[in-house]
Structures are given as C-alpha cells and as structure tokens.
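Student: Have a look at the structure that comes next, please.
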Amino acid sequence: MFAASVRQIGLAMGIILSLVTLYTSLTGIFDPSYQRPLTFAACILVAVLVKPLASRYPDGSRSLKALCWLVDALLLGLILLAVQRFVAQSAGMENMLVNYSFADQCIALAGLIALVELTRREFGLGLSLFAGITLLYCLFGHYLPMGLPESGFTLDQVMQGTWYGFTGVFGQPVAVMISLLYIYIIFGVILEFTGAGPALVRMAIRATGWLPGGPAHAAIFASMLFGTMSGSVAANVAGTGAFTIPMIKRRGFSPAFAGAVEAAASTGGQVIPPVMGAAAFMMAQLTGTPYLLICLAALLPAFFYVAALFVAVYYEARRLGIKPTPKDELPELTRSDWYRSLMFVVPVLTVIGVLASGRSPAMAGGLATVSALIFGFINPEIRRAPHKLIGALAHGGVAGARIMIAIGAIGIVIAGMDLTGLGLSFAQSVASLGDSSLFLSLLLTAAGCLVLGMGMPTLPAYLIIILVMGPALESFDVPVIAAHLFVFYFGVLSANTPPVAIAAFAAAPLAGANPVHISLVSIRLCLVGFIVPFLFVFNPSLLLINAHFDPMELALGVARILLVIWALTTGLAGFGAVRLSTLGRAFRICLAILLMAKGTWFAYAGFALAIGTLLAGWCWPRQSRAEKNGVTLGVHKQGS
C-alpha cells in the first residue's frame, strides 16, 4: 500500500513535469540558475518514487524492503541537499565571487556519488562506471602511471567543475534536455498512448501484402514510424512487436527471424528524420548546424538502411518459398482506420510545418504535443476514458525523468574531460593507433561506440559517444556532420550487438526465441547499417550538405551502395534470382567488398562484375523458362 501511494505521488509529479515542459516549449525557459537544478531535482524524485528500490524485490522480507526505502531516502536526501547548496550559491556563481566551504564540497561529492548510483540502477553498469571512473580519475589520477593527462585536482576544483557551475551536471546537455528534448520524449509517449498503432499496422499490412514477406515488411514500416519518435529502441520493440512479431511468425518465418526483423526495424527508426529519437535536435545544438540541414544530411543514409532491410526480408521470403498474403486475408481498411491514422499523421506534419515556417524546434514539439492530445480523442477509448491522456502525460514525465539521470551522469564525464584533457588524449591515442589511417581509426572508433552505447537509450548513448569519440574523428579532418552521424549510427546499432543487445532481449519473449540468436540474425539484417557510416565518411557528398558537394560523387556513391546492398543481402540470404551455392554466396560477398574499395581498380572491377551478375541473373531465369516452355510445347505437338 505504501509503495503504491509513493508511486502515485511520483506519477503526479510526472504530470507536473510534463505540463511545465509543455509551457516552456511554447514560451521559453525561466532563469537557468533555478530551472536547471530544480527540474533536475524533480526528475530524480520522480524516477525514484515511481520505481523505488523496494519494487525490485517484490518477494523480499520486510527488513529488506525497509533497508531499500532507507537507501532511497539517503540517495534522495544527498541529491536534494546538493541541489539546495547549488541554488543557494547560484547568485555568487554568476559573479564568480563565491568560496565553497569544505562542507559544500563534501555535499556536492555525496550528491555526485548518489547520481552515479541512480544511473547504475536505471541504465546498468556502462554509463555509471564510466562516470564514476571519470570522477575518481579527476581526484586521484596523479597516482596512476605516467603517460596520462594531468589529473589529481583538489576537491574544490573538481566540485566546481562537476557540480557548482554550468559546465558539469547542470551544463549544456541538461539545458538542451529541458528546453528542447524533454518535450519530444513526452510527445512520443503520448503518440503511443493515443492508440494510433493498430491502425497504422493494419495500413502497413495492406500496403505491403503484395510482397512475399508482407507482414515482415509491414513490421518494418510500422516500427520505423514509431521508432523515429521514440528515444528508446527497447520501448519501440515492446510496443510494436506485440502486433508485428506474431504476424511474421504466422507467415512462416522462424521465431528468431521475426524477433530480429522487429529489433532491426525499431533500431532503424532511430536514424530516420525528422526526430531521430530526439538526437537530431541535440546534434543541431552541438554542431551549430540548422536542424533542417541535419535532417537532410541523415536522409540518404536512413534510406539505405531501410532499403537494405526491405531487401533482406524479401530474399529471405523468396528463399523460404513464402508467397504474398492472399487478398482475402488482407485487412480491409475502414473509415475508422483512416481517422485513427490522423492521430499520428497530423502531429508529425505539425512538427514539419512549424519547423518549415522558421519557428523553433521546441515550439514545434510543443504544438505537436498539443495536436496529439487533441487528435487523441478520435480514439473511442480515449473519449470514454479521457483520463488516459493524463496517464500519458504522467508516463511522458517519467520517461523524461529517467533520461535526465543519464544526462546528469554524462555531465560528470564532460566536466572530467574538460578538466583533465582526457578527451584530447584519447583522440591522440586513436590517431596514433590508427597510424594516420582513417579507416583503421574508424574501425577503432566504431568498436568504442558499440561498447559505450550498450544498454542506453539513443540520446544519452549519442551524447556520451560523441563526447569521447568525436575529437578522434575530427583530428582526421572528417566533416563535423559526418563525424556526428558516424558515432550516432554505431551508438544506435549497439542495441543489436551482443552481449547486451537490448533490442534482441526485448524481442525475445515476444518471439519465443533465444535473444543471442535474435541478435545475430538482426546483425545480418542490418549489416548495411554498419557499412553506410564508413561510406559517407569517405564520400561526404552522400550527406547532401557537404561544402564540396559533387553530383558525380553522389551518383557513384548511391550506385555503389545499392549494389553493395544487393550483393551482401543475396550473398547472406543464399538466394538471388535462384538459390545460390556456397561458391555463389562467397562470390557475392566478395563483390560487396570490392565495391567498397572506392577510387581503386578493385572498385571498378566490382562494378563490372556486379552489373554482369545482375544481367545474368535477370536473363538466365527467363531463358530457362523459355526453354522449358519450348520443350513442353514440342512434346505436345509431337504427341498430337
């Protein structure tokens, strides 16, 4: 009873957070000296009250639950006390006329430790360990072996950098979160609650039923639509996978393949403009690039990802002999379906329209959220129970509160990097390991991105990765947008890679398959997603906004990637125009490798061989059918 009451208090605070965020998006932020720390404190309160430590042990003894509540009270007390000290010193911080007592320093340190622990509870060891090690390195790094950047700062210096000021926990990431990103998190949750999903799935099935992999293609379409608004791959898998995975299995695909399609599609939704899991807005802030140009740059890479996934499902269906869905089995679209689709279409068009008119992304998110609430009443269930929209606001506030914890932990890392120069040192290390080879450095950076992004939602994953890995790429004069999109892609794709593979684990119970098997199949399906970032780094014209844009480079780049998609997909699936032998599969995979050797004779040879193979595959089946028909006709005539 006590836990339920505490949870209700947390949800009520979530509603308040959502309403304040909506107001801020439409009118602008308040005094940052107060809004940043107070919003941060409210988010910590909401996250802990809605999911207290005791709720993780439902069958625990009374003494264990009492201990859990005591731990929560201690963590909240430490953070709230540290926030109170920040607010009390805010006037002095603006004038740089403040001395922090030893008690203030210890309170701030205790608040940081509590924040690291809450990060561990919400997001696992990855980010919390990184933030904790950064804090320890700032304080005790001078005890480590030589060859590392300057460290071993005083407690006062570290606390001023990480807590007291606007460069650490309350720095730019928290500011962008409050002023811009929070509203899009709330927007995504409201879209989910309004119930547009089933109608969109039905429309997707109807539109893709003529393809052999009909339901699987419908899953790609629906999951990517919702995924582009959601900042969590796992949440998207759980939300749309409940509809799509059973449909895919019923058409004859294996459970592991069904789960992998949903995991890969939900992951792909994060890289599709205009929202890109809310990371597009943060990218615009960090790079100083207009938001619409970010969307334009992300357009072609997203298209290649989607195309590769569609093609992979198509050839898998052909290989298994799965036929298109019979017309009588396709859902009939009713007037209700079209009305319900407006619950998704109108808010998305609102975002695009407001941005096109020159207004801020925050206002676009606020007006889109208002339109989503209004059009939610198209759903009869919402009209019968309008309080569900209040629940949507509550859960939107909670979702943003959880992300805020990760953003705060990232602030610790940012402060540590600035204080010690560790980020620059890492970039130099990657450059030296790569031995001035951009390709090898990209491989090292990609591996680091996959590790750093594991288990985290899209936005914090992108932030922590660009913080650590971005300077390494920029040291090779890679265009800023290309560098940011490179690390963004691999941060998103970490949702599919073992050992964490959060998308695969979310799909496993719905598919009834082993999560590791789902992860491996998912990597095969979205393998092009691992390749495309390398290609647009070496050919920035693919991003459409490069200062040295070359139409010929763009045309050749698009042709190269489309041939790579065809060669890789058919080679891995073992089916092209006909079933491929082991040698045929190996040949096509080698073709893909040749095609990626840009600017060499290998690439030209790959182009020639790929086009020749395509023509042979197109002509040979027709010739075989013609010969078969001719033989049949000749026998018939002779018999007559």
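The values are calculated or read from the model by the stated rules, or taken from the named source; none is laboratory data. Computed from a predicted model, the values in this text were never measured in an experiment. Quick reminder, even Gly has a Cβ in these numbers, built from the backbone with ideal geometry, and neighbours come from all protein chains shown. The accessibility values were calculated without ligands, DNA or RNA, using every heavy atom of the protein model including side chains. Shrake-Rupley method; radii C 1.70, N 1.55, O 1.52, S 1.80 Å.
Student: Zone of residue 374 (label point 7 Å along Cα→Cβ, backbone N under 12 Å): which residues in segment 162-198?
Tutor: In segment 162-198, the label zone of residue 374 (backbone N under 12 Å from the point 7 Å along Cα→Cβ) covers no residue.
Student: Suppose only helical runs count, i.e. DSSP H with n ≥ 4. What mean residue ellipticity at 222 nm does that imply for the chain under -39500 (n - 2.57) per run, divided by all residues and rounded to the nearest 500 deg cm²/dmol?
Tutor: Numbers: 28 runs with 484 residues, N = 640.
-25500 deg cm²/dmol, from helical runs alone.
Student: Once amide H atoms are built 1.01 Å from N in the peptide plane, which residues 5 or more positions from residue 575, or in another chain, come under 5 Å H to H?
Tutor: Counting only residues 5 or more places away or on other chains, the set is 580.
Student: Between residue 293 and residue 207, how many nm apart are label points set 7 Å from Cα along the C-beta direction?
Tutor: 3.1 nm
Student: Eight or more residues apart or on different chains, and alpha-carbon atoms under 19 Å: count the Lys pairs in the chain matching that. Present the calculation step by step, with values, prior to reporting the outcome.
Tutor: Details: 51/65; 249/323; 249/327; 628/637.
Taking the Cα cut-off of 19 Å, the pair count is 4.
Student: If you don't mind, another one. How do the peptides 80-87, 503-510 rank, highest first, by the average count of neighbouring beta carbon atoms within 10 Å per residue? Write down the numbers at each step before the final one.
Tutor: Details: 80-87: 19.4, 503-510: 24.9.
Put in order of decreasing packing, that is 503-510, 80-87.
Student: Moving to a separate point now. What percentage of all Cα-Cα pairs in segment 122-277 are separated by more than 24 Å?
Tutor: Numbers: 6273 of 12090 pairs.
Percent of Cα pairs beyond 24 Å in segment 122-277: 52.
Student: Find the accessible area per residue for segment 75-195; the probe is 1.4 Å, ligands and nucleic acids are left out, and the unit is Å².
Tutor: Working: 4980 Å² over 121 residues.
Spelled out: the 1.4 Å probe surface of segment 75-195, per residue, equals 41 Å².
Student: Could I get the Rg over Rh figure for segment 1-75? Both from C-alpha atoms, Rh via Kirkwood, rounded to two places. Walk me through the intermediate numbers first.
Tutor: Values: Rg = 15.3 Å, Rh = 13.8 Å.
Reported Rg/Rh (Cα atoms, Kirkwood Rh): 1.11.
Student: Also, I was wondering about something else. Roughly what would the spin-label model give for residue 73 and residue 443, points 7 Å off Cα along C-beta, in nm?
Tutor: About 5.6 nm, to one decimal.
Student: Then there's this: Just to confirm, what accessible area per residue do you get for segment 218-307 at 1.4 Å probe, in whole Å²? Intermediate results must be reported in sequence, preceding the final value.
Tutor: Values: 2280 Å² over 90 residues.
Value returned for segment 218-307: 25 Å² of accessible area per residue.
Student: Grab the beta carbon distance between residue 57 and residue 559, set R0 = 56 Å, and tell me the FRET efficiency rounded to 0.05.
Tutor: Numbers: r = 58 Å, r/R0 = 1.03.
FRET efficiency, residue 57 to residue 559: 0.45.
Student: A further question on this structure: Using just the alpha carbons, could you tell me how many Å³ per residue the convex hull of segment 528-606 encloses?
Tutor: Values: hull volume 6.9 nm³, N = 79.
Output value, Cα hull per residue: 87 Å³.
Student: If amide H atoms are built 1.01 Å from N in the plane of the peptide, which residues on other chains or at least 5 residues away come under 5 Å of the amide H of residue 379?
Tutor: Close amide H contacts, sequence-distant or interchain: none at all.
Student: Normalised by the residues of segment 452-504, what does the relative contact order come to in percent, with Cα pairs under 8 Å and at least six apart? Walk me through the intermediate numbers first.
Tutor: Working: 57 pairs, mean separation 24.9, N = 53.
Rounded, it is 47 percent for segment 452-504.
Student: Ranked from highest to lowest mean number of other Cβ atoms within 10 Å per residue, what is the order of the peptides 353-362, 471-480, 579-588? Don't skip to the end; give the middle numbers.
Tutor: Values: 353-362: 16.0, 471-480: 18.5, 579-588: 14.3.
Per-residue Cβ counts within 10 Å, averaged per peptide and sorted highest first, yield 471-480, 353-362, 579-588.
Student: With θ set to phi - 60° and the Karplus curve 6.51 cos²θ - 1.76 cosθ + 1.60, what are the ³J(HN,Hα) couplings of segment 519-526 in order, to the nearest whole Hz, using x for Gly and Pro?
Tutor: 4, 5, 5, 5, 4, 4, 5, 10
Student: Also, I was wondering about something else. What accessible area per residue, rounded to a whole number of Å², is obtained for segment 546-598 using a probe radius of 1.4 Å?
Tutor: Working: 2560 Å² over 53 residues.
Value returned for segment 546-598: 48 Å² of accessible area per residue.
Student: Through the Karplus equation 6.51 cos²θ - 1.76 cosθ + 1.60, θ set to phi - 60°, convert the phi angles of segment 587-596 into ³J(HN,Hα) values in whole Hz; use x for Gly and Pro.
Tutor: 4, 5, 5, 5, 4, 4, 5, 4, 5, 7
Student: If you put +1 on each Lys and Arg Cβ and -1 on each Asp and Glu Cβ, how big is the dipole of segment 493-621 around its Cα centre, in Debye rounded to 20? Let's see the in-between values first.
Tutor: Numbers: 6 positive and 2 negative charges, 67 e Å.
Result for segment 493-621 is approximately 320 debye, rounded to the nearest 20.
Student: Something else now. In nm, give the distance between the simple-model label positions of residue 587 and residue 390, each being 7 Å from the Cα along the Cα-to-Cβ direction.
Tutor: 6.8 nm
Student: Which log10 I(q)/I(0) values, to two decimals, does segment 325-479 give at q = 0.20 Å⁻¹ under the Debye formula with one point per Cα?
Tutor: -1.18
Student: Given the Cα-Cα distance of residue 81 and residue 474 and 0.36 nm per residue of separation, how much length would full extension add, in nm? Kindly include the intermediate steps, with their values, before the conclusion.
Tutor: Values: separation 393, 0.36 × 393 = 141.48 nm, distance 3.98 nm.
Using 0.36 nm per residue and subtracting the Cα-Cα distance, I get 137.5 nm.
Student: In what sequence, largest accessible area first, do 566, 69, 601, 163 appear using a 1.4 Å probe? It would help to have the intermediate numbers written out before the result.
Tutor: Numbers: 566 35, 69 65, 601 210, 163 0 Å².
So the residues, ranked largest to smallest area, are 601, 69, 566, 163.
Student: Additional query: Taking 0.36 nm per residue of sequence separation and subtracting the Cα-Cα distance, how much length would be gained by fully extending the chain between residue 349 and residue 250, in nm to one decimal? Each step should come with its number before you reach the end.
Tutor: Values: separation 99, 0.36 × 99 = 35.64 nm, distance 3.40 nm.
In short, 32.2 nm is gained.
Student: With all protein chains present, how much of the accessible area of segment 241-317 (probe radius 1.4 Å) comes from carbon and sulfur, to the nearest whole percent?
Tutor: Values: 1410 of 2030 Å².
Roughly 69 percent of what the probe reaches on segment 241-317 is carbon or sulfur.
Student: Using a Förster radius of 35 Å, what is the FRET efficiency between residue 30 and residue 101 based on their Cβ-Cβ separation? Nearest 0.05, please. Before the final figure, lay out the partial values.
Tutor: Details: r = 28 Å, r/R0 = 0.80.
About 0.80, to the nearest 0.05.
Student: Mean separation of Cα pairs under 8 Å and 6+ residues apart, divided by the residue count of the chain: what relative contact order is that in percent? Provide the component values of the computation, followed by the final result.
Tutor: On the way: 1009 pairs, mean separation 113.9, N = 640.
Value for the chain: 18 percent.
Student: Right, here's the next one. Once R0 is set to 51 Å, what does the formula 1/(1 + (r/R0)^6) return for the Cβ-Cβ distance between residue 381 and residue 38, expressed as a FRET efficiency to the nearest 0.05?
Tutor: Details: r = 36 Å, r/R0 = 0.70.
It comes out at approximately 0.90.
Student: Oh, and also: Dipole magnitude of the chain about its Cα centre, charges +1 at Lys/Arg Cβ and -1 at Asp/Glu Cβ only, in debye to the nearest 20?
Tutor: On the way: 35 positive and 24 negative charges, 528 e Å.
The calculated dipole for the chain is roughly 2540 debye.
Student: For residue 172 and residue 359, compute 0.36 nm times the residue count separating them, minus their Cα-Cα distance, and round to one decimal in nm. Working shown, then result.
Tutor: Working: separation 187, 0.36 × 187 = 67.32 nm, distance 2.12 nm.
Length difference between fully extended and current span is 65.2 nm.
Student: Continuing with the same structure: Would you mind telling me the share, in percent, of accessible area of segment 33-186 contributed by carbon and sulfur at probe 1.4 angstrom?
Tutor: Numbers: 4600 of 6880 Å².
Of the solvent-accessible surface of segment 33-186, carbon and sulfur hold 67 percent.
Student: Can you work out the PRE-style zone for residue 4? Point 7 Å along Cα to Cβ, and I want the residues of segment 36-76 with backbone N under 20 Å.
Tutor: Taking a point 7 Å out along Cα→Cβ of residue 4, the residues of segment 36-76 whose backbone N falls under 20 Å are 49-62, 65-66, 69.
Student: Would you be so kind as to identify which of 181, 101, 140 lies farthest towards the positive end of the dipole of segment 73-225, taking Lys and Arg as +1 and Asp and Glu as -1 on Cβ and the Cα centre as origin?
Tutor: 181
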